[in-house]
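Input: a single structure, listed below in structure tokens.
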Amino acid sequence: MLPDDLMQNLLVKPGSGAKIAKRDSAWAFDGIDQDEAKKQATESLERDLAELAKAQDLLYANASRAILIVLQAMDAAGKDGTIKHVMSGVNPQGCRVYSFKQPSTEERAHNFLWRYSRLLPERGMIGIFNRSYYEEVLVVRVHPELLGDSATAKKDGPAYWKARYEDIIGFEQHLSRTGTTVLKFFLHISNKVQKKRLLERLDDPAKHWKFSANDLAERALWSDYMDAYDDAITATSTEWAPWYVIPADHKWVARTVVAGILTQTIRGFKLSYPVLPPDKEAALAVARKKLEEE
Ligand code: ATP
Ligand code: MG
């Protein structure tokens, strides 16, 4: 279980700045010996995964709420690995992962939330967006030419993006009011660690397929991306859909913390298995009798 103050530190308080540059992406349970920290983190992750499996079963049985996890990060920050680890113990029936790449022509022809709204989790489910509608204020802000009508974005400047933040805030408020809890994680890595991980991809033939020349082009725009992340996270961290900035230079830290926050969130729902009304209970007794008499 994560200490409360840790969760509070990673949360971007609504109305206050994300201040990403001031946050330590290499944080690793400071103050205790690193081997000990790793050991404790592994144990905490295992406990959380066991609890998560049970909690998910309840979520599915209850079918009263859904969870949407939004994962955003620069390349090689460990989104895939985090999903793999955090979801390793859950029933695949109750969980869906969607990875968003460049939109198709059809998707571009619709409003900017369209392709994401179609894939929202229904009640009882955990949905994970590996990249999300936030790309519409991140990559698209860094590359306004993607809009096709880039002239508009340039002309309106900040007002254009402010309107998109407002749309996102409203969208998430609607989700929250209708039973979907939205949890947003930014896996925060340093520029140096990204370089190291991209080089590892080049060094290992089994990871070559993960490397894209485009990663270097985007890496060159690092500070534009950090500005876009800072503004978007600051503008859209709300009570009903908070952002957590996760220190991700150490993969084990990111996984432990994400699993911890997710588990704690579901625990907060205080779910229990549905209790049947008396007539349905009576029907069960009849069914039992029938089976026993076969
Ligand atoms: P990996 O970490 O394995 O590289 P990835 O999520 O980066 O995974 P890629 O296939 O490498 O997956 O890249 C997907 C690309 O699609 C990213 O560069 C991202 O910025 C881009 N993309 C996602 N959503 C949008 C969008 N709405 N508009 C334009 N580009 C988008
Ligand atoms: Mg990529």
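Please enumerate the residues belonging to region 85-137 that are over 28 Å from L49 (Cα atoms), small (G, A, S) and within 12 Å of ligand 1 (Cβ to nearest atom).
Scanning region 85-137 gives a single hit, S104.
Taking A77 as meeting all but one of (1) away from ligand 2 (no atom under 16 Å from the Cβ); (2) touching a strand residue (DSSP E or B) at 6+ places or on another chain (Cβ under 6 Å); (3) in a loop (DSSP other than H, G, I, E, B), write down the number of the exception.
Checking A77 against (1) away from ligand 2 (no atom under 16 Å from the Cβ); (2) touching a strand residue (DSSP E or B) at 6+ places or on another chain (Cβ under 6 Å); (3) in a loop (DSSP other than H, G, I, E, B), the one that fails is (1).
Considering V137, V86, which residue is closer than 20 Å to T238 by Cα, surrounded by 16 or more Cβ atoms within 10 Å (Cβ to Cβ) and touching a residue at least 60 places away in the same chain (Cβ under 8 Å)?
Numbers: V86 fails: closer than 20 Å to T238 by Cα.
Matching residue, one of V137, V86: V137.
Out of the residues in region 197-212 that are assigned to a helix (DSSP H, G or I) and within 11 Å of ligand 1 (Cβ to nearest atom), state the one that is farthest from A248 (Cα to Cα). So that I can check it myself, show each step before the final result.
Residues of region 197-212 assigned to a helix (DSSP H, G or I): 197-203, 205-210.
Of the ones still in play, those that are also within 11 Å of ligand 1 (Cβ to nearest atom) are 197-198, 201, 207, 209-210.
On the way: R197: 12, L198: 15, R201: 17, K207: 20, W209: 22, K210: 19 Å.
Across region 197-212, the extreme among qualifying residues is W209.
Out of D249, D203, which single residue is acidic (D, E) and surrounded by fewer than 17 Cβ atoms within 10 Å (Cβ to Cβ)? Can you show your working first?
Numbers: D249 fails: surrounded by fewer than 17 Cβ atoms within 10 Å (Cβ to Cβ).
Matching residue, one of D249, D203: D203.
Being of a type in the set (V, I, T) and assigned to a helix (DSSP H, G or I) is the filter; apply it to region 18-61 and report the residue that is surrounded by the most Cβ atoms within 10 Å (Cβ to Cβ).
Going residue by residue through region 18-61, those that are of a type in the set (V, I, T) are 20, 32, 42.
Remaining after also requiring assigned to a helix (DSSP H, G or I): 20, 42.
On the way: I20: 17, T42: 13.
Applying the filter and picking the extreme gives I20.
Given the conditions (1) closer than 28 Å to F29 by Cβ; (2) without any contact (Cβ under 8 Å) to a residue 12 or more places away in the chain; (3) not aliphatic (A, V, I, L, M), report the number of the one that R197 does not fulfil.
Every condition holds for R197 apart from (2).
Name the one entry in K192, K207 that is without any contact (Cβ under 8 Å) to a residue 12 or more places away in the chain, touching a helix residue (DSSP H, G or I) at 6+ places or on another chain (Cβ under 6 Å) and either within 23 Å of K101 (Cβ to Cβ) or of a type outside the set (V, I, T) (or both). Break it down into steps so the answer makes sense when it comes.
Numbers: K192 fails: touching a helix residue (DSSP H, G or I) at 6+ places or on another chain (Cβ under 6 Å).
Result of the check over K192, K207: K207.
(1) within 16 Å of ligand 1 (Cβ to nearest atom); (2) in contact (Cβ under 8 Å) with a residue 60 or more places away in the chain; (3) more than 20 Å from S16 (Cβ to Cβ): which one isn't true of L216, the others all being true?
(2)
Quick test for you: out of Q34, Q56, pick the one residue that is under 24 Å from R131 (Cα atoms), of a type outside the set (K, R) and either out of contact with any Gly (no Cβ under 7 Å at 6 or more places or on another chain) or away from ligand 2 (no atom under 16 Å from the Cβ) (or both). Break it down stepwise before answering.
On the way: Q34 fails: under 24 Å from R131 (Cα atoms).
Sole residue among the options that is under 24 Å from R131 (Cα atoms), of a type outside the set (K, R) and either out of contact with any Gly (no Cβ under 7 Å at 6 or more places or on another chain) or away from ligand 2 (no atom under 16 Å from the Cβ) (or both): Q56.
Since every read-out is calculated from the coordinates, none of them should be taken as a lab result. Just so it is clear, the structure is predicted and the values come from calculations on it, not from any experiment. Cβ atoms come from the backbone with ideal geometry, glycine included; neighbour counts cover every protein chain shown.
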